[in-house]
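Accompanying notes for the structure given below.
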Amino acid sequence: DDHHTVEVSFHDTSRHRLRVPLLTDYFNFTAASLGPRGVAYISPSNGAEQPSMLVWRAFESWSSGADWTVALPEGENAMIVAAGTSAVAITTSARLLRIYSTAGRQVAVLNVQGQPVALAAPDPGHIFEGGAIGAACQHHLAVVWAEAGPKQGCNTQQLAYTVFDVAQCSQLYSGKVALSPGASLSWLAFSQEGLLTTVDSSKVVRLRSSQWGGSWVPVLDAAGAKARAGADQFWPAWLDTDNLMAVVTNSKSQHPQVKLDHLQVLCCPCV
């Protein structure tokens with residue numbers, strides 16, 4: 001049988017070595033998540049003999065058990081994956097949130113209240129180092145699900161979210177996701193300050209504020225910034241104090257194949 005080979009390489013070699021050893025994809029991976037300590041891959045089931053898989057490949061093999069693989073129960077498929085500082089999380093077709101330690105031990109199985117839509121975990125390299133903010137945010141995990149079908153008349157997704165502290169086994173806060181009329185969720189992440197961040201299909205960037213009762217605050221109309229840059233695609237990477245860092249490309253594909261030597265990062269001042 002033919003198999004794909006997965007390669008992970010880094011531009012910033014001060015944080016990681018240039019390349020992680022190649023991984024042969026025997027399971028037909030459909031999604032992956034880069035974390036500070038490794039990369040997690042998920043694959044769907046393929047009949048009774050091939051269950052849905054979660055595969056973890058550590059950046060630094062500190063022991064023979066640094067890399068691990070988990071097979072999901074029969075009939076359950078991994079849908080979304082997120083890799084954080086201390087945990088790897090997946091949501092599944094059974095509307096479950098499964099949380100694993102980076103050593104491969106399952107630490108929690110939680111019900112998701114609707115169809116899973118997105119997961120996000122902070123990247124410690126993009127949040128303030130040291131102090132209360134960095135220490136408090138590095139173990140957060142956000143899950144978004146669909147509360148109901150799109151609203152009639154405007155076709156806007158109806159989404160809800162919860163943010164957990166994995167290290168404390170606690171739920172921090174939850175609420176509804178704010179979206180533009182007729183829009184759907186395109187991107188979910190944490191800002192440099194540890195604030196939950198979204199981009200919707202109308203290219204509006206929002207932060208969940210710690211003030212005003214956890215209200216969502218629009219901080220940038222990325223569609224206008226994309227037009228000023230003369231680009232067809234505007235792919236967000238992370239949000240810092242004053243700027244959205246994004247990859248700009250003229251590809252018309254929704255998920256463009258961007259070569260490493262052609263990457264452009266655009267700083268867009270937030271309003």
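A few points about this structure:
- Filter pass, VAL205 being at negative phi, touching a helix residue (DSSP H, G or I) at 6+ places or on another chain (Cβ under 8 Å) and not hydroxyl-bearing (Ser, Thr, Tyr): yes
- Pair list, Cβ < 8 Å and 6+ apart or interchain, from the stretch 140-162 residues that are within 14 Å of ARG95 (Cβ to Cβ) to residues that are in a strand (DSSP E or B) and among the aromatic types (Phe, Trp, Tyr): VAL143/TYR161; VAL143/PHE164; VAL144/TYR161; TRP145/TYR161; ALA160/TRP145; THR162/TYR173
- Taking the criterion of being without any contact (Cβ under 8 Å) to a residue 24 or more places away in the chain and part of a strand (DSSP E or B), the residues of the stretch 99-126 that qualify are SER101, VAL109, LEU110, ASN111.
- Residue check, ALA66 at pLDDT 95 or above and open to solvent by less than 30 Å² (accessible area, probe 1.4 Å): no
- LEU220 vs. criteria crowded, with 21+ Cβ neighbours inside 10 Å and within 18 Å of the chain's Cα centre (by Cα): no
- Exclusive hit being at pLDDT 75 or above, of a type in the set (D, E, K, R) and either open to solvent by 30 Å² or more (accessible area, probe 1.4 Å) or under 16 Å from VAL144 (Cα atoms) (or both), set LYS203, LYS226: LYS203
- Residues of the stretch 89-111 satisfying the condition of being of a type in the set (D, E, K, R) and under 23 Å from GLY38 (Cα atoms): ARG98, ARG105
- Of the residues in the stretch 100-114, at least one is modelled with pLDDT of 90 or more and among the charged types (D, E, K, R).
- All told, THR91 falls short of being open to solvent by less than 30 Å² (accessible area, probe 1.4 Å), in a loop (DSSP other than H, G, I, E, B) and β-branched (Val, Ile, Thr).
The values are calculated or read from the model by the stated rules, or taken from the named source; none is laboratory data. Quick caveat: nothing in here was measured; it's all calculated off a predicted structure. Backbone-built Cβ (ideal geometry, glycine too); neighbour counts: all protein chains shown. Heavy atoms of the whole protein, side chains included, go into the accessibility calculation; ligands, DNA and RNA do not. Shrake-Rupley method; radii C 1.70, N 1.55, O 1.52, S 1.80 Å.
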